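Okay, structure first, notes after.
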Amino acid sequence: MSNYERKENTSEKATFGAGCFWCTESIFMELKGVKSVFPGYMGGKLKNPTYKEVCSGLSGHAEVVQITYDPSVIAYVELLEVFFLIHDPTTLNRQGADVGSQYRSVIFYHYPYQKEKVVTYTELLNKSGAFENKIVTEITEAQEFYRAEKEHLNYYNLNKQQPYCKAVIQPKLEKFRKVFADKTK
């Protein structure tokens with residue numbers, strides 16, 4: 001589907017892996033034009049993987065969020081801007097203390113135009129020197145998405161007092177809110 005074939009007020013999907021899906025979910029939930037965000041798993045070899053199987057690093061899946069958004073309200077490239085702000089896309093299989101391929105930086109594209117946008121945007125960031133090191137974000141076609149178990153849904157909002165939420169998610173949310181204040185709900 002090209003940019004010109006989209007109809008107004010339709011929904012599209014975007015799927016991103018940027019480390020722990022609890023962090024990523026909480027940020028994308030706050031964007032205008034985002035209709036839903038579900039944490040889950042993509043990119044592995046097991047059918048219906050569990051959190052424990054994914055965390056083992058043996059399933060091949062990444063922790064991801066699948067976003068449904070209205071492209072007449074928020075453009076895919078704006079989602080990319082947020083994606084690249086909220087994590088370090090230059091570290092292979094690692095985000096902070098989370099280590100393993102399940103925490104890799106990955107974009108699963110759903111439409112050919114998304115792949116084109118990701119490649120162009122990544123090249124632009126690399127050439128601009130926005131990051132000290134080269135971006136290692138994996139870019140691959142979307143595969144079957146497996147929703148995470150119920151206890152992972154809306155994790156931050158339901159567990160704000162947990163030490164991980166206070167130490168890791170809250171600072172990321174604060175940074176996001178400062179940079180993208182005009183795009184939040």
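Computed from the coordinates by the stated procedures, all read-outs in this text should not be read as laboratory data. The model shown is predicted, which means the values in this text are computed figures rather than measured ones. Glycine also receives a Cβ, built like all others from the backbone with ideal geometry; neighbour counts cover every protein chain displayed.
You can think of it this way: the chain between Lys127 and Leu92 has 10.7 nm of extra reach, that is 0.36 nm per residue less the Cα-Cα gap.
Bridgeable lysines around Lys183 (alpha carbons under 27 Å apart, same-chain partners fewer than 8 residues away excluded): Lys7, Lys13, Lys32, Lys35, Lys115, Lys117, Lys127, Lys160, Lys166, Lys172, Lys175.
How would Thr122, Thr91, Thr184 line up from fewest to most surrounding beta-carbon atoms within 10 angstrom?
Details: Thr122 19, Thr91 16, Thr184 12.
The most exposed by this proxy come first: Thr184, Thr91, Thr122.
In summary, the convex hull built on the alpha carbon positions of region 8-183 has an orientation-averaged projected area of 9.8 nm².
Give me the net charge of Ala130's neighbourhood, meaning all other residues with Cβ under 14 Å from the Cβ of Ala130; Lys, Arg count +1, Asp, Glu -1. If you can, show how the numbers build up before the last one.
Details: positive: Lys127, Lys134; negative: Glu81, Asp88, Glu123, Glu132.
In short, -2.
In straight-distance terms, cross-link reach from Lys150 covers every one of the aspartates and glutamates whose alpha-carbon lies under 19 Å from its own, apart from those fewer than eight places away in the same chain; here that gives Glu25, Glu53, Glu63.
Peptides 14-23, 32-41, 167-176, ordered by how many other C-beta atoms sit within 10 Å of their residues on average, highest first, read 14-23, 32-41, 167-176. In this structure, Lys47 and Glu138 have a Cβ-Cβ separation that, at R0 = 22 Å, corresponds to a calculated FRET efficiency of about 0.60.
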